[in-house]
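To keep things clear, I will list the structure first and then write my remarks on it.
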Amino acid sequence: MPAMMKAAIFVEPGRIEIDDKPIPEIGPNDALVRVTTTTICGTDIHILKGSTRSSGA
C-alpha cells in the first residue's frame with residue numbers, strides 16, 4: 001500500500017472534503033513538501049462560496 005497524505009478537496013461551492021490520497025511520486029525536477037501548518041485567507045472563503053473573479057494576472 002502506498003504512503004498516504006491528507007488532502008483538502010474542493011467538491012462544489014460550500015463543500016470541501018478531507019480525504020486520504022497517495023503521496024505522489026516525484027521526478028528529478030520536482031520537490032515534495034510536507035505542510036505542517038496552514039491558514040485560510042479571504043480569497044479561500046470566496047472560492048468556497050463559488051464567487052471567484054480572475055484578476056487577469
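The values are calculated or read from the model by the stated rules, or taken from the named source; none is laboratory data. Note that this is a predicted model, so its numbers are computed, not measured. Please note: Cβ atoms are built from the backbone with ideal geometry, for glycine as well, and neighbour counts cover all protein chains shown. When the accessible area is computed, the model is the full protein with side chains, heavy atoms only, and any ligands, DNA or RNA have been set aside. Shrake-Rupley method; radii C 1.70, N 1.55, O 1.52, S 1.80 Å.
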Q: Go from 0 up to the bin containing the longest alpha carbon distance in the chain, width 10 Å each, and give me the % of pairs per bin.
A: 17, 37, 34, 11, 0
(Q) Quick check: residue separation of residue 40 and residue 15 times 0.36 nm, minus the Cα distance between them. What number comes out in nm? (A) 7.5 nm
**Q.** Interchain or long-range residues, amide H under 5 Å from residue 5's placed H
**A.** 21, 23
Q. How many percent of the accessible area of the chain is carbon or sulfur, using a 1.4 Å probe?
A. 55
Q.
Looking at the chain, identify the longest residue range that excludes and avoids all trypsin sites (Lys or Arg not before Pro) in DSSP loops having at most 15 other Cβ atoms within 10 Å.
A. 1-33
